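Colleague: Pasting a structure below so you can have a look.
None of the figures in this text is laboratory data; all of them are computed from the coordinates on show. Bear in mind that the values here come from a model prediction, so they are computed numbers and not experimental data. Every residue, glycine among them, receives a Cβ derived from its backbone with ideal geometry; neighbour counts consider all protein chains shown.
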Amino acid sequence: MVEICPICHLPKNICTCDLRSKETQQIKIRTERKKFKKYATLVTGFKEDAEGKDVLKYLKKKLACGGTMKNDVIEIQGEHVALVKKFLKEKGYNEELIDA
């Protein structure tokens, strides 16, 4: 039996919901100073679901640093605003909707 997408009601193998959400998703990237004069890059616009955790894992791997997701905000260790924007663009997110 074929799985059906709950959003578009198409079979999962031809579902395009992920592509549509990437094209219209508003993302904000900023840097914040933490304890002991350390910096963290904060990325908002993702929820704590499979997509958000996938993006977190992808960014941590590409940037070779630690990170976490708290209250729908991705925290990456270090100042990586330009690189995060570049990697999100490579992943398929719309560059005009990424506010850095």
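Colleague: On a 0 to 90 degree scale, rounded to 10, what angle separates helix 81-91 from the longest Cα axis of the chain?
Modeller: 20 degrees
Colleague: Still on this structure, I have one more. For Cα pairs less than 8 Å apart in space and 6+ apart in sequence, what is the mean separation divided by the residue count of the stretch 26-99, i.e. the relative contact order in percent?
Modeller: The value is 36 percent.
Colleague: Another question, then. Can you divide the C-alpha Rg of the chain by 2.2 N^0.38 Å and report the result to two decimal places?
Modeller: 1.19
Colleague: May I pose another question? Applying a 10 Å radius around every beta-carbon, put 56-66, 38-48 in order of their mean neighbour count, most first.
Modeller: 38-48, 56-66
Colleague: Expected output is a single nm value to one decimal: the length gained when fully extending between Lys12 and Lys62, i.e. 0.36 nm times separation in residues minus the C-alpha distance. What is it?
Modeller: Values: separation 50, 0.36 × 50 = 18.00 nm, distance 2.81 nm.
Full-extension gain reported as 15.2 nm.
Colleague: Run the helix sum for the chain: -39,500 (n - 2.57) per DSSP H stretch of 4+ residues, divided by residue count, reported at 222 nm to the nearest 500 deg cm²/dmol.
Modeller: -10000 deg cm²/dmol
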